[in-house]
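The structure under discussion appears below in the form of structure tokens.
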Amino acid sequence: MKKILLIVVLPLIILWAQEEALPDAQDFTLEDVDGNTVCLDSLLAKGPVFMSFWALWCKMCIKELDALKPYYDEFDSLGINLLAISQDKTRAVSKVKPFTQCHKWRYVVVLDPENLMRELYDVQAMPTSFIIDQNKKIVFTHQGYKPGDEKKVVAKIRELFGKEAKDEPEE
């Protein structure tokens, strides 16, 4: 009986362990809303990257990025690059920059109208966020958003930098 149990359970444990190991981040080059070229390797040369997939039509994506705004200065002081990857199609791209300005987002906002990045990073739902360390390792992934989820992101970023966990953004 123990052998049968081991034969059944061991493959499940191995499969679970493989799913837990996150892949390395894939490099990319995209254009931002101002027409500048943005490359993952260039961002990583400056520090870790928080990367969020979003779209104008995705209300929870917008709520997530709005909820992270109060932490921008703290992240910036830690050297975290904040990257918002718009998944809006070509016909909506002209609306992305005014929208982000209206929301006062200070993130680097890049355009991916062909959804190439979504495929590259196997994004199944939006929003989906990643934290990528300077070794190109994906150290955190979060899918979806509900109020309070931003605290998980903030806690992970602070953990990466050995900072004490707090509930409120630094002033």
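The values are calculated or read from the model by the stated rules, or taken from the named source; none is laboratory data. Just so you know, these numbers come straight off a predicted model, no measurement behind them. Here the Cβ is made from the backbone with ideal geometry for all residues, glycine too, and neighbour counts use every protein chain on show.
Taking the conditions (1) farther than 24 Å from residue 26 by Cα; (2) in contact (Cβ under 8 Å) with a residue 24 or more places away in the chain; (3) surrounded by fewer than 16 Cβ atoms within 10 Å (Cβ to Cβ) in turn, residue 92 satisfies each one other than (3). Scanning the range 98-112 for residues that are surrounded by fewer than 16 Cβ atoms within 10 Å (Cβ to Cβ) and either closer than 14 Å to residue 38 by Cβ or charged (D, E, K, R) (or both) yields 104, 106.
Applying a threshold of 9 Å to beta carbon distances and a minimum spacing of six or more residues, or different chains, the list of pairs starting in the range 32-48 at a residue that is over 17 Å from residue 96 (Cβ atoms) and ending at one that is part of a helix (DSSP H, G or I) reads 47/78; 48/78; 48/157; 48/160.
Filter the range 113-145 down to the residues that are closer than 21 Å to residue 69 by Cβ and of a type in the set (Gly, Ala, Ser), then identify the one that is surrounded by the most Cβ atoms within 10 Å (Cβ to Cβ). Taking the candidates together, the pick is 129.
Filtering 79, 35 for residues that are loosely packed, with under 12 Cβ neighbours inside 10 Å, in contact with a helix residue (DSSP H, G or I) (Cβ under 7 Å, 6 or more places away or on another chain) and more than 21 Å from residue 144 (Cβ to Cβ) leaves a single hit, 79.
The residues listed here are 68, 30; of these, the one that is at pLDDT 95 or above and not in a helix (DSSP H, G or I) is 30. For beta carbons closer than 8 Å, sequence separation of 6+ or different chains, a first residue in the range 112-135 that is under 22 Å from residue 75 (Cβ atoms) and a second that is of a type in the set (Asp, Glu), the qualifying pairs are 127/64; 129/64.
Residues of the range 97-112 that are in contact with a strand residue (DSSP E or B) (Cβ under 8 Å, 6 or more places away or on another chain) and either among the charged types (D, E, K, R) or farther than 16 Å from residue 64 by Cα (or both): 97, 106, 110, 111, 112.
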